[in-house]
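Reviewing the structure listed below.
Quick note: the coordinates plus some simple rules give every number you see, no bench work behind them. Owing to the predicted nature of the structure, the values given are computational and were not obtained by experimental measurement. Reconstructed Cβ throughout: ideal geometry from the backbone, glycine too, with neighbour counts over all protein chains shown.
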Amino acid sequence: MTDGTFKDDAFKDSVLVVTGGSRGIGAACVRRAAAAGYGRIVINYTRDKAAADQVAAEAGALGAQVLVVQGDMAVEADIARLFAETDARFGPLTHLVNNAGITGLAGPFADADPAEMARVIDLNVTGAIRVAQQAVRRMAKSRGGAGGAIVNISSMAAALGSPGEYVWYAASKGAIDSFTLGLGREVARDGIRVNAVAPGLIATDIHDASGVAGRLERLAPTVPAGRAGTAEEVAQAVLFLLSEAASYTAGAVLKVSGGR
């Protein structure tokens, strides 16, 4: 591949689920996984079917079999259906990118809508934990699985706190860091590696969704690397942690932040 990604036959029988796989970091992970030779990929999306189908077409053109499943990862029944459809179509799960998440509208904490903050926690924390639980139940060797790898998507907001913007989002990602550490230690002997990637300032549409115009352009000069990162750069880190190149890595949170 011209982007430095090479297909590996070791991945051809893999079953990878990417939640929030229709855009941003999730979509980049799908494309890079297909380029690396992952044979079966499941793309979860919430609203934008056209975007999910486009990412699926790109992955299919790279040789992957692709299943697209709509579902809100804050809804327990949707999570269960995602994994049931994966089981039925592709068989045993081997890899998970636990990516679905939102920031909510940015603003001072005292003025934040309690319902919106609850939605962030429901998706980013409770939903992510339930998604990981479904994966562990399928991967754990003690339950008849073959092991596997989970990568949770955290954020540098967990370390920076996001004051004046969305401290509740930062708190949700702090929870993911703790969850990654604890679960990584719990299931390592069951053949499951659990790690996380903490992106910094990344050029995706999550900034537009926060309602702060020009946020990316304003903050990019403050990054030690001098620029915002790309979803593809984050995906490279995710694919490393999914791979056997990270075979002795568990419970880690890898910062991909340009030094921020």
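Worth pointing out:
- Take 66-78, 119-131 and order them by the average number of nearby Cβ atoms within 10 Å per residue, most first; the result is 119-131, 66-78.
- Difference of contour (0.36 nm per residue) and Cα-Cα distance, ASP111 to GLU244: 43.3 nm
- Highest to lowest packing among 11-21, 238-248, scored as the average C-beta count within 10 Å: 11-21, 238-248
- Kirkwood-type hydrodynamic radius, the chain: 18.2 Å, calculated from all non-identical alpha-carbon pairs.
- Basic side chains Lys and Arg get +1 at the Cβ, acidic Asp and Glu get -1 at the Cβ, and with that the dipole of region 9-256 about its Cα centre reaches some 640 debye.
- Cβ-derived FRET efficiency at R0 22 Å, ALA10 paired with GLN133, nearest 0.05: 0.25
- A quarter of the convex hull surface defined by the alpha-carbon atoms of region 158-260 gives 6.9 nm² as the mean projection.
- Summed residue charge, Cβ within 13 Å of ALA237's Cβ, Lys/Arg positive, Asp/Glu negative: 0
- Eligible lysines near LYS12 by straight Cα distance, threshold 25 Å, same-chain separation 8 or greater: LYS141
- Between ALA118 and ALA80, the contour length at 0.36 nm per residue exceeds the Cα-Cα span by 11.6 nm.
- Sites ASP48 and ASP190, calculated FRET efficiency, Cβ-Cβ separation with R0 41 Å, nearest 0.05: 0.70
- Averaging the sequence gap over all C-alpha pairs within less than 8 Å and six or more residues apart, then dividing by the number of residues, gives the chain a relative contact order of 18 percent.
- The chain: most fluctuating residue of LEU105, LEU201, LEU219 per GNM, C-alpha cutoff 10 Å: LEU219
- All other residues whose Cβ lies under 10 angstrom from that of ALA198 are scored, Lys and Arg at +1 and Asp and Glu at -1, for a net of +1.
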